[in-house]
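Report on one structure; see the data block that follows.
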Amino acid sequence: MLTKILAPMYRFFIRWRYPVSLPEDIAEALGLEFTCYLTFDEFVSRLSCPQLRPKSLKKYMPRQQAEDAFSSALRKDTFSQKSLFSYYFNEGWIEFILQFDDQARLRRLYLQHKCIRDDLGLEIHLID
């Protein structure tokens, strides 16, 4: 009962901090759990952790299935062997690049944000 009363206040607080995309959106796409109480820097730090392994994405999974995981993304761009999914935060866009092989199977996943210095982005390792 108390949670039903506090839920709108919780949502208001979260939307004040994250007016467009939520960390939960990305966590859901990756099959992970992140709390919305994280600061943006803590959130990006967790995404950048070398031990991060998405649970909903696997190496060699079919393209359609991998792309469906990012259904909550604000922008979706698909190319012959890549897909780009973008989420907007006050601190800038967070983008995920999915790379596919000739048989339309997921091969690599990259995270991009302006605080990541590498032009390709940071590779998130997939479970085989």
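Rule-based calculations on the coordinates, nothing more; no lab input. Quantities reported herein were computed from a predicted structural model and do not represent experimental measurements. Please note: Cβ atoms are built from the backbone with ideal geometry, for glycine as well, and neighbour counts cover all protein chains shown.
Per the Cauchy relation, a quarter of the hull surface: what is the mean projected area of the convex hull of the alpha carbons in the range 2-124, in nm²?
Mean orientational projected area (the range 2-124, Cα hull): 8.0 nm².
Using the number of other C-beta atoms within 10 angstrom as an exposure proxy, rank LEU6, LEU109 with the fewest first.
Going from least to most buried by this count: LEU6, LEU109.
Would you list which aspartates and glutamates come within 16 Å of LYS55, measuring only between C-alpha atoms, while excluding same-chain residues fewer than 8 positions from it?
In chain and number order, the partners are GLU24, ASP25, GLU28, GLU33, GLU67, ASP68, GLU123, ASP128.
What list of ³J(HN,Hα) couplings, whole Hz, do you get for the range 84-92 from phi and the Karplus terms 6.51, -1.76, 1.60, once you set θ to phi - 60° and write x for glycine and proline?
Once θ is set to phi - 60°, the couplings for the range 84-92 become 10, 10, 10, 10, 9, 10, 4, 8, x Hz.
Going toward the positive end of the dipole of the chain, with +1 on Lys and Arg Cβ and -1 on Asp and Glu Cβ, which of GLN103, GLY121, THR35 do you reach last?
THR35
Rounding to the nearest 20 debye, state how big the charge dipole of the range 85-128 is about its Cα centre with +1 on each Lys and Arg Cβ and -1 on each Asp and Glu Cβ.
60 debye
Loop-only check: which GluC sites (Glu not before Pro) in the range 21-66 are DSSP coil with at most 15 other Cβ within 10 angstrom?
GLU33
Placing +1 at every Lys and Arg Cβ and -1 at every Asp and Glu Cβ, with all other atoms neutral, what dipole size does the range 2-124 have around its Cα centre, in debye to the nearest 20?
In debye, rounded to 20, the range 2-124 gives about 220.
Applying 1/(1 + (r/R0)^6) with R0 = 41 Å to the Cβ-Cβ distance of GLN51 and LYS4, what FRET efficiency is obtained, to the nearest 0.05?
0.70
For the residues ILE5, ILE97, what sequence is obtained by ranking on other C-beta atoms within 10 Å, fewest first?
Ascending number of Cβ neighbours within 10 Å: ILE5, ILE97.
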